[in-house]
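Just so it is clear, none of the values below were taken in a lab; they were calculated from the coordinates. Treat the numbers as computed from the prediction; the structure is a model and nothing was measured. For neighbour counting, all protein chains shown are included, and Cβ atoms are generated from backbone atoms with ideal geometry for every residue, glycine included.
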Amino acid sequence: MSRPNVKGLDPKKVSGELFTLTYGAIVAQLLKDYESDEEVNKQLDRMGYNIGVRLIEDFLARSGISRCNDFRETSDAIAKIGFKMFLGITPSVSNWSPAGDEFSLQIESNPLVDFVELPDSHSNLSYCNILCGVIRGALEMVHMEVTSWIVQDVLKGDSITELRVRFIRRLEDALPVGED
Amino acid sequence: MVVYNFYLFDRVGTCLYYAEWCRRKKAGMANVEEYKLMYGMLFSIKSFITRISPVDLKDGFLCYSTSKYKLHFYETASGLKFVLNTDSGVPGNLRDTLHQIYSQIYVEHIVKNPMCSLGDPISSELFKSKLDEFVRALPVFSAKTS
């Protein structure tokens with residue numbers, strides 16, 4: 001007779017607090033190593049990019065979603081499926097630009113910033129910049145070049161975290177040698 | 001029902017992996033040439049069917065059949081191309097199987113492994129053995145392979 005599982009503990013899941021603390025430790029270490037807020041922001045974006053490049057494969061494998069037809073579908077896929085799958089939250093998509101190439105993701109409860117307070121000495125730090133990098137990396141793998149930045153940050157006094165994503169251009173697969 | 005061989009290409013055309021279980025006839029050229037030929041064919045066919053199609057395409061290229069073998073194709077939105085050659089008795093197409101190879105083997109053992117660089121041919125023994133195990137367990141895989 002096998003021992004019954006401890007109630008509610010899925011061996012594959014990690015506690016949300018551990019995740020928040022791990023992220024905080026990474027940012028704190030980066031601040032010690034690089035000292036400049038701008039440099040840390042760049043590093044977070046680069047780390048996010050490397051994560052996004054791989055995360056997209058996991059996302060495609062688990063969601064079974066095929067190519068999005070337009071940028072609106074993309075924004076819905078990111079907010080309703082992507083964020084839900086990996087962070088367990090569903091940001092709302094809003095503030096579309098008139099040309100339809102720019103949108104905002106508004107996150108009400110951001111697991112990355114639980115328990116975090118930004119000291120005055122680091123007022124230029126974009127604590128959640130890793131999310132911008134993840135979006136950029138992931139979308140690049142599905143042939144979209146975008147930029148992404150933080151517009152509202154709860155650590156700087158705003159009520160929500162808001163990320164803005166702008167579509168730059170479509171990337172095409174390189175043609176095989178000899179094809180024209 | 002026989003599975004002959006398997007190819008995996010990334011979005012720039014690098015052959016990440018090739019495996020064969022039962023190949024009775026070689027292509028008569030070096031492996032590198034063969035991979036380029038296969039990739040070029042896939043690229044051309046995809047482009048051709050999109051142009052010639054009389055209606056709006058949903059999935060694009062699925063498979064092709066000859067009297068002796070069938071080539072099954074699956075491409076992810078990230079540009080990864082999976083190819084499986086089976087005997088022509090296999091009904092329909094094995095896209096779901098290829099998707100399973102993608103999600104259960106490629107993503108689990110290559111993408112999630114930070115030591116595996118994504119643009120390079122796969123050298124992971126774990127991937128090789130998992131893929132081999134998976135294909136051999138397929139209902140379409142024959143017991144009588146060489």
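Brief remarks on what is shown
- Exceeding the 32 Å Cα-Cα cut-off - candidates B:46/B:128; A:80/B:36; B:68/B:112: A:80/B:36; B:68/B:112
- Two-decimal Rg/Rh across segment A:90-175, once Rg and the Kirkwood Rh are taken from alpha-carbon atoms: 1.03
- Part-to-part distance (alpha-carbon centres) for segment A:25-60 and segment A:115-157, which is given in Å: 9 Å
- Scattering curve values for segment A:61-139, log₁₀ I(q)/I(0), Debye with Cα scatterers, q = 0.13, 0.14, 0.20, 0.26 Å⁻¹: -0.49, -0.56, -1.02, -1.42
- Residue-averaged 222 nm ellipticity for chain B, from DSSP H runs of 4+ at -39500 (n - 2.57), nearest 500: -8500 deg cm²/dmol
- In a DSSP loop and with at most 14 other Cβ atoms within 10 Å, the trypsin sites (Lys or Arg not before Pro) in segment B:69-146 are B:112, B:144.
- Reduced Cα scattering model of chain A, Debye log10 I(q)/I(0), q = 0.08 Å⁻¹: -0.30
- Looking at segment A:24-72, none of the chymotrypsin sites (Phe, Trp or Tyr not before Pro) sits in a DSSP loop with at most 16 other Cβ atoms within 10 Å of its own Cβ.
- In summary, the convex hull built on the alpha carbon positions of the protein assembly as shown has an orientation-averaged projected area of 22.7 nm².
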